[in-house]
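Down below is the structure, laid out as structure tokens.
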Amino acid sequence: MKGDRVEIVVDAGDTTRTYEVVASRAGRRVETAVRRGVVEVSEVTRSGTVVRTARFMANRVLALVEQPVPREESSEKAG
């Protein structure tokens with residue numbers, strides 16, 4: 001969903017660096033995966049096509065913060 005974002009805080013030696021992957025268009029989402037010591041954060045379309053991917057060594061990642069867009073609840077309730 002447009003606006004989904006993931007912040008990645010990485011140890012860069014004597015300092016830390018923060019990276020952000022954002023779902024830039026409607027219908028896209030951000031997915032995270034940890035495989036073989038690598039953290040992958042990808043922007044994905046509705047059909048599952050990966051648009052872009054950021055990769056980080058897992059032992060360097062200090063924090064992985066997922067910030068989904070708040071979903072609006074319908075004001076009318078069935079009942």
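Each value in this text was obtained by applying a stated rule to the coordinates, not by laboratory testing. Predicted model, so just to flag it, every value in this text is computed and none were measured. Glycine also receives a Cβ, built like all others from the backbone with ideal geometry; neighbour counts cover every protein chain displayed.
For region 2-33, which GluC sites (Glu not before Pro) pass both filters: DSSP loop (anything but H, G, I, E, B) and at most 14 other C-beta atoms within 10 Å?
Details: sites: GLU7, GLU20, GLU31; in loops: none.
In loop regions of region 2-33 (DSSP not H, G, I, E or B), there are no sparsely surrounded GluC sites (Glu not before Pro).
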Once the Cβ-Cβ distance between ARG17 and SER47 is put in as r, and R0 is 35 Å, what FRET efficiency do you end up with, to the nearest 0.05?
0.65
